[in-house]
Amino acid sequence: MLGIKKNDTVKILSGKDKGKTGRVIQVIPERNRLVVQGLNLVKKHTKKRRQDEPGGIISKESSLHQSKVNIVCGRCNKATRIGIELLKDGTKARYCKKCKELL
């Protein structure tokens, strides 16, 4: 379905962080979304709840739709689409569509 997994390096194709790369820290497959470390930051205003917990403005990562990112191949270092290949032992593997290297 998604093809992008946790700890993959991705490049953002559109939006305010277009062209930046980052590591995927969370995948939400039921909504086709993912969270990239340090990118797509939003400001969240929090209220002081307890004595030891301060209130204020917090920056945190927000999720992106999977169609706005491309995976970065480790061999050719380019943003690429991925394909699924059936191996001889019956398992599936992802590969780079540009250089045909397994991911």
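The values are calculated or read from the model by the stated rules, or taken from the named source; none is laboratory data. Just so we're clear, the structure is a prediction, and the values are computed from it rather than from any experiment. Cβ sites come from the backbone with ideal geometry, for glycine too, and all protein chains shown count toward neighbours. Each accessible area value is taken on the protein alone, full model and side chains, heavy atoms only, with ligands, DNA and RNA left out. Shrake-Rupley method; radii C 1.70, N 1.55, O 1.52, S 1.80 Å.
Dividing the mean sequence gap of close Cα pairs (under 8 Å, 6+ apart) by how many residues the stretch 49-103 holds gives a relative contact order of 22 percent. Each listed q (0.26 Å⁻¹) maps to a log10 I(q)/I(0) for the stretch 39-84 from the Debye sum over equal C-alpha point scatterers, namely -0.98. On full extension, the segment bounded by Ser67 and Lys20 gains 15.4 nm, given 0.36 nm per residue less the C-alpha separation. Solvent exposure of Ile58, expressed as accessible area, is near 80 Å², computed with a probe of 1.4 Å over the protein chains only.
Largest accessible area first, the listed residues Cys76, Cys96 line up as Cys76, Cys96 when surface is computed with a 1.4 Å probe on the assembled protein chains. Ranking of Thr80, Thr21 by solvent-accessible surface, largest first: Thr21, Thr80 (1.4 Å probe, protein heavy atoms only, all chains present). Using C-alpha pairs below 8 Å separated by at least 6 residues, the relative contact order for the stretch 1-71 is 32 percent. Between Leu86 and Lys100, the modelled label-to-label distance comes to 1.9 nm, taking each label 7 Å out from Cα in the direction of the beta carbon. Near Gly56, once Lys and Arg are set to +1 and Asp and Glu to -1 for all other residues with Cβ below 11 Å from its Cβ, the sum equals +3. Across the options Val35, Ile82, Gly3, the greatest Cα extent toward the positive end of the charge dipole of the chain (unit charges at beta carbon of Lys, Arg, Asp, Glu) belongs to Val35. Between [x] 24, 17, 11; [y] 34, 15, 11; [z] 54, 22, 12, which entry matches semi-axes √(5λ) of the Cα gyration tensor in Å as derived from the coordinates of this structure? Of the labelled values, this structure produces [y]. A 1.4 Å probe, protein heavy atoms only, puts the accessible area of Asp89 near 120 Å². The spacing between the stretch 67-103 and the stretch 1-21, judged by their C-alpha centroids, is 14 Å.
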